[in-house]
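The values are calculated or read from the model by the stated rules, or taken from the named source; none is laboratory data. Predicted model, so just to flag it, every value in this text is computed and none were measured. Neighbour counts run over all protein chains shown; Cβ positions are idealised from the backbone, glycine included.
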Amino acid sequence: MNKEKLKKELSGIVLGIIAFFYIGALLFYDQDDQTVLAGLKWYEFFGRGAMETVSKLHNPFGIFGARLAELFIRSFLGYVSIVPGLALLYWGWSLLRHKSLKPPLLFTFYTVFISLVAASMFGLTTAPFGDVMSGAIGRMLAAVLSTVIGYTGAWILLAALAAAATLFAVRILVENPFDKLRSAFTGIGVLKGRIVAAFEHKKSRESKPESEEAELSLPFPPENPENTFVEKLTEEAQEEAANSSSSAPTDDEPEITIREGVHEKEADLDKRRLKVKTKDRIAYRFPSVDLLRHTREEDDYIDETLLEDSKNRLLEKLRIYKVEVVRISATVGPRVTLFELELAPDVKVSRVTSLENDLAMAMAARGIRIIAPIPGKNAVGVEIPHGKPRTVWMRSVLQVEKFKNNKMALPVVLGKTIANEVYLEDLVTMPHLLIAGATGSGKSVGINVMLTSLLYACSPDRVKFVLIDPKRVELLHYQNLKNHFLVKFHGLDEQIITDPTKAVYALKSVEKEMEQRYDLLEKAGVRNIADFNRKQPDEALPYLVVVVDELADLMITAGRDVEEPITRLAQLSRAVGIHLIVATQRPSVDIITGVIKANFPARIAFQVASKVDSRTILDGSGAEQLLGNGDMLYQPTSQPKPERIQCPYVSSGEVEAITSFIGKQDGLKNFYHLPQPDIKEKGNGVQNGGFQDKDGRDSMFEEAAHLVVMHQQGSVSLLQRRLKLGFSRAARIMDQLEAAGIVGPADGSKARDVLVDSHDALDLLLRNLD
Ligand SMILES: Nc1ncnc2c1ncn2[C@@H]1O[C@H](COP(=O)(O)OP(=O)(O)OP(=O)(O)O)[C@@H](O)[C@H]1O
């Protein structure tokens, strides 16, 4: 047995014994014992005198019990001192049954408080029993109160405190009074059912020969017509089992261990540097978490009756199918409970897997998923929805140390795992994400959650969004970010693309941007954007997050024209800091083609309609069993099996509040322009290298000249960025600038010297050029 478990159980037993002794000793308090004990020194527990005293005592708990009773009843709170003893009993029981220790702690405070109030009330009375009921402390409190606020005032105060304590008990300790009452009645019903079932079972054992005993546990009754009595009994027993979720635990039934969920360390996200200066020297302020909905702390209350019931039903069904379980533990997540079953050595794992449908039917529940085996564990997992789904709020997943102190480049929160751990991933390592799920399963909320996490973590210098929203309404609120986070497309007015043909253009622009970034990286002699930004912080490139909210709409109208840039980007864009998040509600093979799938190793499946859809997205079943409303399976690149996660909820009102908070701030001076894609250039008949005007210089020559003079910096990458040129063209212009005497010769990887120091001098020089 687990050492920790054993220690807890032993402590529980010891505390229980102490509590019983304490309560018993106080209950049997007798005033006459005081005179009997008077002749005995306080430390005398042994010897002749002690033996004689014990025989005269009325308290059956001996000298120690009598002294304890005297101490507490006379000097503390009188008989009321028994009440905190109940808290001690509760501690013992909670330790023994491996329950959370929060409720007994709360109960202890409560009992101490209520005892002080009650003892003071007794202290106020003049009744003869007042003394033993209130003890010295009760009398003293009563005296103090009646001196300070008068006798009537003391009664009013104490009555108010007592009423408040009763209300508190009803509101907090009995969380939902009506539910509890109902479950208490159901509990009595279940108990009655169990007693009847046990009685019938005993009767049937007595009334039939031993050889038939085994047949009782068979899923199907024997087909022997002579055996109608046994048959009927079997049916009855099974019916009973189904009706009363009977599941009376047999002697050898394994005990359930409830695994404590992860307690994420909380942190105030607003207590960090909220104000930053952008490269444009504009002050930017991060949104405050107060813009997100304030909720009561997420309730991690575990309904143990419900849990025990599910466990019993599960074990009952497994027993019917002859699957023996030796150990069982449960982790209660936001929506489902994960039961981890350790099987007997002779049980094949495949037996449990093949029971998925039977179990789902037997337990009459949706959302049952079997993980066989749980990776890295000697156990099989069965996820069963519990009756108390909890919403995971966006605020609660951001207000944790993990998010506040993360060192990720693009941190996105995905949600909470079954163990209540906040699941945070770096989009950079994913590096692209494919999301699928039926209508209304929570995809758009999921995308909002990811974008919101990025807005809370990144400044507009660090990340830019390319938003493609064929559904037109899903990403509407992000329009507020136009001066901060949204890119600008060459020749397009809109910054959020809704038209499928423009979407193709936008994707090709991003593809072109990718190529240009590769040129830049090559020139700088670095392998990826992180190195580039470290090496040239002044010219740091922002990450680009491309979101496509409905791939199906694009694939239907544009087909290969969309597939091609998406595939190319997915294959190549990681190193240059471009990351895709692509969602679809139609996870069929004509939308998520083999090529797209192969290039998106990280995938999220929300609830889908069928096993086939689940296979299309995850290469395995499971997503058809999800519960909707943000219940999802995340398949990371690094893990063999997907993880079940509950996506947080962020409302469109919250998104609007965050984006308009950002939108109201001063915008950046310069938009981040994406280059014109090649399709246009080809259409105009302009080929690579065909940009010369009639003087033999590039058409952008003059603009480039002004740019280098303005910045006093002869760098090819400056021309690339500011004029949105490819590397080779920018380098060619630089050579032309050198030939014209505007910049000096190349000097290794350093920027060239600029030989003209003002625009006037430049204009003069340009006019005199042949
Ligand atoms: N994480 C969540 N927690 C609680 N409820 C959620 C969650 N996600 C979604 N929902 C509920 O489901 C509804 C539909 O979600 P959402 O709009 O994201 O679905 P969708 O998959 O984008 O659907 P469609 O494809 O039709 O746009 C929401 O309005 C909300 O009520």
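Among the numbered criteria (1) more than 23 Å from Gly491 (Cβ to Cβ); (2) crowded, with 17+ Cβ neighbours inside 10 Å, which one does Leu725 miss?
Leu725 satisfies all of (1) more than 23 Å from Gly491 (Cβ to Cβ); (2) crowded, with 17+ Cβ neighbours inside 10 Å except (1).
With the structure loaded, tell me whether Tyr505 is more than 28 Å from Gly446 (Cβ to Cβ), touching a helix residue (DSSP H, G or I) at 6+ places or on another chain (Cβ under 8 Å) and part of a helix (DSSP H, G or I) or whether it fails that test.
Details: more than 28 Å from Gly446 (Cβ to Cβ): no; touching a helix residue (DSSP H, G or I) at 6+ places or on another chain (Cβ under 8 Å): yes; part of a helix (DSSP H, G or I): yes.
Criteria not met by Tyr505.
Select from the range 541-574 the residues that are under 13 Å from Ala409 (Cα atoms) and touching a residue at least 40 places away in the same chain (Cβ under 8 Å) and list them in ascending order. Write out each step before concluding.
Narrowing the range 541-574 to residues under 13 Å from Ala409 (Cα atoms): 541-545, 574.
Matches in the range 541-574: Pro542, Tyr543, Leu544, Val545, Arg574.
Being crowded, with 20+ Cβ neighbours inside 10 Å and within 16 Å of the ligand (Cβ to nearest atom) narrows it down to one of Val332, Val382, Val336, so name that one.
Details: Val332 fails: within 16 Å of the ligand (Cβ to nearest atom); Val382 fails: within 16 Å of the ligand (Cβ to nearest atom).
Every option except Val336 fails the conditions.
Considering only the range 368-379, state which residues are touching a Pro at 6+ places or on another chain (Cβ under 8 Å), closer than 23 Å to Phe606 by Cβ and buried (at least 18 other Cβ atoms within 10 Å of the Cβ). Break it down stepwise before answering.
Step one: of the range 368-379, the residues touching a Pro at 6+ places or on another chain (Cβ under 8 Å) are 368, 375, 379.
Adding the requirement that they be closer than 23 Å to Phe606 by Cβ leaves 368, 375.
Once the filter is applied, which keeps residues that are touching a Pro at 6+ places or on another chain (Cβ under 8 Å), closer than 23 Å to Phe606 by Cβ and buried (at least 18 other Cβ atoms within 10 Å of the Cβ), the range 368-379 yields only Ile368.
Per-residue answers, yes or no, for (1) closer than 30 Å to Leu269 by Cβ; (2) touching a helix residue (DSSP H, G or I) at 6+ places or on another chain (Cβ under 7 Å); (3) modelled with pLDDT of 80 or more:
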| site | (1), (2), (3) |
| --- | --- |
| Lys348 | no, no, yes |
| Ala365 | no, no, no |
| Gly387 | no, yes, no |
| Arg390 | yes, no, yes |
| Ser396 | yes, no, yes |
| Lys402 | yes, no, yes |
| Asn406 | yes, no, yes |
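Does Arg462 count as surrounded by fewer than 21 Cβ atoms within 10 Å (Cβ to Cβ) and away from the ligand (no atom under 16 Å from the Cβ)?
Details: surrounded by fewer than 21 Cβ atoms within 10 Å (Cβ to Cβ): yes; away from the ligand (no atom under 16 Å from the Cβ): yes.
Yes.
Identify the residue in the range 522-550 that is away from the ligand (no atom under 16 Å from the Cβ) and assigned to a loop (DSSP other than H, G, I, E, B) and, among all such residues, is nearest to the chain's Cα centre (by Cα). Step through it out loud before you land on a result.
So the first thing to find is which residues in the range 522-550 are away from the ligand (no atom under 16 Å from the Cβ), and the list is 522-546.
Now restrict to residues that are assigned to a loop (DSSP other than H, G, I, E, B): 525-528, 536, 540-542.
Working: Gly525: 41, Val526: 37, Arg527: 34, Asn528: 31, Gln536: 37, Ala540: 33, Leu541: 31, Pro542: 28 Å.
My answer is Pro542.
Would you check which residues across the range 419-428 are over 26 Å from Ser573 (Cβ atoms) and either surrounded by 24 or more Cβ atoms within 10 Å (Cβ to Cβ) or among the aliphatic types (A, V, I, L, M) (or both) and list them? Even if it seems obvious, please write down each step before you answer.
Here is the first cut: in the range 419-428, the residues over 26 Å from Ser573 (Cβ atoms) are 419-422.
Across the range 419-428, the qualifying residues are Ala419, Val422.
Determine whether Leu101 is assigned by TED's automatic domain parsing to the domain that holds Ile13 and either surrounded by 15 or more Cβ atoms within 10 Å (Cβ to Cβ) or touching a residue at least 12 places away in the same chain (Cβ under 8 Å) (or both).
Values: assigned by TED's automatic domain parsing to the domain that holds Ile13: yes; either surrounded by 15 or more Cβ atoms within 10 Å (Cβ to Cβ) or touching a residue at least 12 places away in the same chain (Cβ under 8 Å) (or both): no.
In short, no.
Looking at the range 411-428, which of its residues are within 16 Å of the ligand (Cβ to nearest atom) and either among the aromatic types (Phe, Trp, Tyr) or over 30 Å from Arg615 (Cβ atoms) (or both)?
If the condition is that a residue be within 16 Å of the ligand (Cβ to nearest atom) and either among the aromatic types (Phe, Trp, Tyr) or over 30 Å from Arg615 (Cβ atoms) (or both), then Tyr423 is the only one that fits.
Which is surrounded by fewer than 16 Cβ atoms within 10 Å (Cβ to Cβ) and more than 16 Å from the ligand (Cβ to nearest atom), of Thr659, Thr637? If you could, list the steps in order and put the result at the bottom.
Values: Thr659 fails: surrounded by fewer than 16 Cβ atoms within 10 Å (Cβ to Cβ).
Just a single option satisfies the conditions, and that option is Thr637.
From the list Leu40, Leu105, Leu68, Leu95, which one is in contact with a helix residue (DSSP H, G or I) (Cβ under 8 Å, 6 or more places away or on another chain), closer than 30 Å to Met140 by Cα and in a helix (DSSP H, G or I)? Quick ask: steps written out before the conclusion?
Details: Leu40 fails: in a helix (DSSP H, G or I); Leu105 fails: in contact with a helix residue (DSSP H, G or I) (Cβ under 8 Å, 6 or more places away or on another chain); Leu95 fails: closer than 30 Å to Met140 by Cα.
One residue alone meets the criteria, Leu68.
Can you tell me which condition Gly653 does not meet? The list is (1) within 16 Å of the ligand (Cβ to nearest atom); (2) touching a residue at least 12 places away in the same chain (Cβ under 8 Å); (3) assigned to a helix (DSSP H, G or I), and all the others hold.
For Gly653, the failing item is (2).
Please verify whether the range 665-675 includes one or more residues that are in contact with a Ser or Thr (Cβ under 9 Å, 6 or more places away or on another chain) and within 16 Å of the ligand (Cβ to nearest atom).
Looking for residues that are in contact with a Ser or Thr (Cβ under 9 Å, 6 or more places away or on another chain) and within 16 Å of the ligand (Cβ to nearest atom), one finds none in the range 665-675, hence no.
Checking the conditions here, which among Asp499, Asp519, Asp493 is more than 37 Å from the chain's Cα centre (by Cα) and closer than 29 Å to Ser660 by Cα? It would help to see each step written out before you state the result.
Working: Asp499 fails: more than 37 Å from the chain's Cα centre (by Cα); Asp519 fails: closer than 29 Å to Ser660 by Cα.
Testing whether each residue is more than 37 Å from the chain's Cα centre (by Cα) and closer than 29 Å to Ser660 by Cα leaves just Asp493.
Out of the residues in the range 617-631 that are assigned to a helix (DSSP H, G or I) and not β-branched (Val, Ile, Thr), which is nearest to the ligand (Cβ to nearest atom)?
Restricting attention to the range 617-631, the residues satisfying the condition of being assigned to a helix (DSSP H, G or I) are 617-618, 623-625.
Checking which are not β-branched (Val, Ile, Thr) leaves us with 618, 623-625.
Details: Leu618: 16, Ala623: 13, Glu624: 15, Gln625: 17 Å.
That would be Ala623.
Hey, does the range 595-616 have a residue that's aromatic (Phe, Trp, Tyr), away from the ligand (no atom under 15 Å from the Cβ) and outside any helix (DSSP H, G or I)? Explain how you work it out, then say what you get.
Taking the range 595-616 as the starting set, the residues that turn out to be aromatic (Phe, Trp, Tyr) are 600, 606.
Those still in the list that are away from the ligand (no atom under 15 Å from the Cβ) too: 600.
Applying the additional criterion that residues be outside any helix (DSSP H, G or I) yields 600.
Yes, the range 595-616 has at least one match.
Residues checked against (1) surrounded by 20 or more Cβ atoms within 10 Å (Cβ to Cβ); (2) more than 16 Å from the ligand (Cβ to nearest atom); (3) touching a residue at least 60 places away in the same chain (Cβ under 8 Å); (4) of a type outside the set (Gly, Ala, Ser):
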| site | (1), (2), (3), (4) |
| --- | --- |
| Val392 | yes, no, yes, yes |
| Ala409 | no, yes, yes, no |
| Met430 | yes, yes, yes, yes |
| Val449 | yes, no, yes, yes |
| Asp469 | yes, no, yes, yes |
| Glu474 | yes, no, yes, yes |
| Leu481 | yes, yes, yes, yes |
| His484 | yes, yes, yes, yes |
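Is there a residue in the range 452-459 that is away from the ligand (no atom under 16 Å from the Cβ) and in contact with an Asp or Glu (Cβ under 7 Å, 6 or more places away or on another chain)?
Start the filter on the range 452-459 by keeping residues that are away from the ligand (no atom under 16 Å from the Cβ), which leaves 454-459.
So of that shortlist, the ones also in contact with an Asp or Glu (Cβ under 7 Å, 6 or more places away or on another chain) come out as none.
Within the range 452-459, none of the residues are away from the ligand (no atom under 16 Å from the Cβ) and in contact with an Asp or Glu (Cβ under 7 Å, 6 or more places away or on another chain).
When the residues of the range 15-57 are filtered to those that are of a type in the set (A, V, I, L, M, F, W, C) and surrounded by fewer than 13 Cβ atoms within 10 Å (Cβ to Cβ), which remaining residue is nearest to Tyr90 (Cα to Cα)? So that I can check it myself, show each step before the final result.
Of the residues in the range 15-57, the ones of a type in the set (A, V, I, L, M, F, W, C) are 15, 17-21, 23, 25-28, 36-38, 40, 42, 45-46, 50-51, 54, 57.
Filter once more, so that each one left must be surrounded by fewer than 13 Cβ atoms within 10 Å (Cβ to Cβ): 17, 38, 42, 46, 51.
Values: Ile17: 12, Ala38: 34, Trp42: 30, Phe46: 33, Met51: 34 Å.
Filtering first and then ranking leaves Ile17.
Would you check which residues across the range 19-36 are touching a helix residue (DSSP H, G or I) at 6+ places or on another chain (Cβ under 8 Å) and assigned to a helix (DSSP H, G or I) and list them?
Of everything in the range 19-36, those that are touching a helix residue (DSSP H, G or I) at 6+ places or on another chain (Cβ under 8 Å) and assigned to a helix (DSSP H, G or I) turn out to be Ala19, Phe20, Phe21, Tyr22, Ile23, Gly24, Ala25, Leu26, Leu27, Asp33, Gln34, Val36.
Check Lys488 against each of (1) of a type in the set (D, E, K, R); (2) assigned to a strand (DSSP E or B); (3) within 16 Å of the ligand (Cβ to nearest atom) and name the one condition it does not meet.
Among (1) of a type in the set (D, E, K, R); (2) assigned to a strand (DSSP E or B); (3) within 16 Å of the ligand (Cβ to nearest atom), Lys488 violates only (3).
Just give me the residues in the range 434-447 being aliphatic (A, V, I, L, M) and either in a loop (DSSP other than H, G, I, E, B) or within 7 Å of the ligand (Cβ to nearest atom) (or both), in sequence order.
To start, the set of residues in the range 434-447 that are aliphatic (A, V, I, L, M) comprises 434-436, 438, 445, 447.
Passing the criteria: Ala438, Val445.
For every residue, the table says whether it meets (1) surrounded by fewer than 18 Cβ atoms within 10 Å (Cβ to Cβ); (2) more than 25 Å from Asp561 (Cβ to Cβ); (3) touching an Asp or Glu at 6+ places or on another chain (Cβ under 9 Å).
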{"residue": "Ile596", "(1), (2), (3)": "no, no, yes"}
{"residue": "Gln607", "(1), (2), (3)": "no, yes, yes"}
{"residue": "Lys611", "(1), (2), (3)": "yes, yes, yes"}
{"residue": "Ile617", "(1), (2), (3)": "no, no, no"}
{"residue": "Leu626", "(1), (2), (3)": "no, yes, no"}
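Would you pick out the residues in the range 451-467 that are outside any loop (DSSP other than H, G, I, E, B), touching a residue at least 60 places away in the same chain (Cβ under 8 Å) and not polar (S, T, N, Q)? Talk me through it step by step, then tell me what you get.
First, pick out the residues of the range 451-467 that are outside any loop (DSSP other than H, G, I, E, B): 451-457, 463-467.
Going one step further and asking which of them are touching a residue at least 60 places away in the same chain (Cβ under 8 Å), we end up with 451-452, 454-456, 463-467.
Within the range 451-467, Leu451, Leu454, Leu455, Tyr456, Val463, Lys464, Phe465, Val466, Leu467 meet the criteria.
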